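Participant: My questions will all concern the structure given below.
The values are calculated or read from the model by the stated rules, or taken from the named source; none is laboratory data. Keep in mind that this is a model prediction, so the values were computed, not measured. Every residue, glycine as well, gets a Cβ built from its backbone with ideal geometry; the counts of neighbours run over all protein chains shown. When the accessible area is computed, the model is the full protein with side chains, heavy atoms only, and any ligands, DNA or RNA have been set aside. Shrake-Rupley method; radii C 1.70, N 1.55, O 1.52, S 1.80 Å.
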Amino acid sequence: MAKIDDQPEDPFEKLVLDEDFVRAAEHKEQSARARMLSARWKRTPPKDTGWRPPVTPPKRRRLRGRWQAPVFVVLAVGLVLASLNAKALHDVAFGKAPGAGSATEGAPVGQAVAPALTASPTAAPPTSIADTTPTMQNPFAGSPADKWPSGAAGIALPAAQPVGAFSAGTVAKDEQRVKTFLMAAYLDPKTLHGGYPQAVLDMLDPFQRNWMTTGLAHPTAAQNASMWVSRFNPAVAILVSDDVRVQGVTTLASDGDHGLLVRTDYVFVYAAHPAGSTDEVERTIARRTLTFRFFDPARYQVTAGTVSIEDSKGNTADDRCDLHDGYLTPYFQISQATGTASAPAPSGSPIDPYDLSKPVPAKQSDCALDSRN
């Protein structure tokens, strides 16, 4: 017998209305709003109002990245440029004119620098009215070199043109080879501070290379390599800086045998102080006139990549003319005063070491008097 409280079993008691069941339903009941609109539209169909603006999709966040990327690039480029020109920023921060260097880095602020020569001058450069005494802060003050270009900027090459058996392109390469030699011989910091000029030797014709090697190892008055390379003995003289002032001219000519002559006439001005003291600064002015010859390879046996010096002349102001040790040695007053070194006084007709308008004398005293320093 069934119990009194027994109820009929509910057929939907265990039915689960999950998402799959709802989606599988064949009929879905409309919402109340949908039924209301449906009944309204049966009586009054909807009309196109025409005023609704087109729906604009929201901007994607990615577009902001497209705007930010150029900003990051500009900032990065700015930081790189600032790091490359940190000195200029430092000058601005400390009240200096942009590009103004220290006393040992070139011409004073606002001073014009003379351009490199393209032709031989017709007169000697004027003497400055400023104090001609060089100092550690202004080693070139009072001399024409104070406005001369520094280093390789003073070596200007003429426009290449066909000469003899050489095309304009070949002449241009030979000109550049000569300039590289001058830079290695008279401007290279390691060589100037007493280093061995291996780069100069490597560029010379083998026969002249042997001559210079002997002159470096056993220098004499007749075989002194100081005419072809500038070096200072660090035990005696130390350069104030690697700044060397240069002025001169390069010209081209035919050797009369289908070859090429490259003539160079330059003045190199160095400033040095005695080793162990900075109370005195002296300028050494070296004028070097070299003629490089490039032989016609169809007529002569040549060593590719080398230079051959046909002729060399020059004079050196403020250089110990009694020494033949392969170094440039200035006349330091401190050395004369302490008696640590003695040297004969220069004599003869004064020579202006800055004057490029006159040729180097064919014969001159080894201890000529300088008209100015």
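Participant: Examine region 126-135 for a residue that is modelled with pLDDT of 90 or more and either β-branched (Val, Ile, Thr) or assigned to a loop (DSSP other than H, G, I, E, B) (or both), and state whether such a residue exists.
Facilitator: Yes, region 126-135 has at least one match.
Participant: Moving on to the next point. If you scan region 328-357, which residues turn out to be in contact with an Asp or Glu (Cβ under 8 Å, 6 or more places away or on another chain), aliphatic (A, V, I, L, M) and at pLDDT below 90?
Facilitator: The answer is Ile334, Ala343, Ile351.
Okay, residues lined up against (1) touching a Gly at 6+ places or on another chain (Cβ under 6 Å); (2) farther than 29 Å from Tyr300 by Cα:
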{"site": "Ala199", "(1), (2)": "no, no"}
{"site": "Asp205", "(1), (2)": "no, no"}
{"site": "Met212", "(1), (2)": "no, no"}
{"site": "Pro219", "(1), (2)": "yes, yes"}
{"site": "Trp228", "(1), (2)": "no, no"}
{"site": "Asp242", "(1), (2)": "no, yes"}
{"site": "Gln247", "(1), (2)": "yes, yes"}
{"site": "Leu252", "(1), (2)": "no, no"}
{"site": "Phe268", "(1), (2)": "no, yes"}
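Participant: Out of all the residues in region 185-239, which are more than 25 Å from His273 (Cα to Cα) and of a type in the set (D, E, K, R)?
Facilitator: Asp202, Asp205, Arg209
Participant: Only one residue in Pro149, Pro234, Pro162 is open to solvent by less than 50 Å² (accessible area, probe 1.4 Å) and either out of contact with any strand residue (DSSP E or B) (no Cβ under 8 Å at 6 or more places or on another chain) or modelled with pLDDT of 95 or more (or both), so which one is that?
Facilitator: Pro149
Participant: Moving on to the next point. Could you say whether any residue in region 180-193 is closer than 27 Å to Glu282 by Cα, basic (Lys, Arg) and in contact with a Ser or Thr (Cβ under 7 Å, 6 or more places away or on another chain)?
Facilitator: There is no residue in region 180-193 that is closer than 27 Å to Glu282 by Cα, basic (Lys, Arg) and in contact with a Ser or Thr (Cβ under 7 Å, 6 or more places away or on another chain).
Participant: Let me ask you something else. In this structure, is Ser277 of a type outside the set (Asp, Glu) and either open to solvent by less than 20 Å² (accessible area, probe 1.4 Å) or without any contact (Cβ under 8 Å) to a residue 60 or more places away in the chain (or both)?
Facilitator: Spelling it out, Ser277 is indeed of a type outside the set (Asp, Glu) and either open to solvent by less than 20 Å² (accessible area, probe 1.4 Å) or without any contact (Cβ under 8 Å) to a residue 60 or more places away in the chain (or both).
Residue-by-condition table, conditions (1) under 22 Å from the mean Cα position of the chain (by Cα); (2) open to solvent by less than 20 Å² (accessible area, probe 1.4 Å):
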residue: Phe181; (1), (2): yes, yes
residue: Tyr186; (1), (2): yes, yes
residue: Tyr196; (1), (2): no, no
residue: Ala199; (1), (2): yes, no
residue: Leu204; (1), (2): no, yes
residue: Asn210; (1), (2): no, no
residue: Ala221; (1), (2): no, no
residue: Val240; (1), (2): yes, no
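Participant: Go through region 290-322 and give me each residue that's of a type in the set (Gly, Ala, Ser), without any contact (Cβ under 8 Å) to a residue 60 or more places away in the chain and open to solvent by 60 Å² or more (accessible area, probe 1.4 Å).
Facilitator: Ala304
Participant: Tell me which of these Asn233 doesn't satisfy, since it passes every other one: (1) under 15 Å from Leu192 (Cβ atoms); (2) under 25 Å from the mean Cα position of the chain (by Cα); (3) of a type in the set (S, T, N, Q).
Facilitator: Only one criterion in (1) under 15 Å from Leu192 (Cβ atoms); (2) under 25 Å from the mean Cα position of the chain (by Cα); (3) of a type in the set (S, T, N, Q) is unmet by Asn233, namely (2).
Participant: For Arg283, state whether it is part of a strand (DSSP E or B) and under 30 Å from Pro297 (Cβ atoms). Please lay out each step first, then the result.
Facilitator: On the way: part of a strand (DSSP E or B): yes; under 30 Å from Pro297 (Cβ atoms): no.
No: the conditions fail for Arg283.
Participant: One residue is enough: does region 167-183 have a residue meeting the conditions in contact (Cβ under 8 Å) with a residue 12 or more places away in the chain, on the phi < 0 side of the Ramachandran plot and not in a helix (DSSP H, G or I)?
Facilitator: No, because not a single residue in region 167-183 is in contact (Cβ under 8 Å) with a residue 12 or more places away in the chain, on the phi < 0 side of the Ramachandran plot and not in a helix (DSSP H, G or I).
Participant: Another question about this same structure. Restricting the search to region 223-263, which residues are in a loop (DSSP other than H, G, I, E, B) and in contact with a helix residue (DSSP H, G or I) (Cβ under 9 Å, 6 or more places away or on another chain)?
Facilitator: Passing the criteria: Gln223, Asn224, Trp228, Val229, Ser230, Arg231, Phe232, Val236, Asp242, Asp243, Val244.
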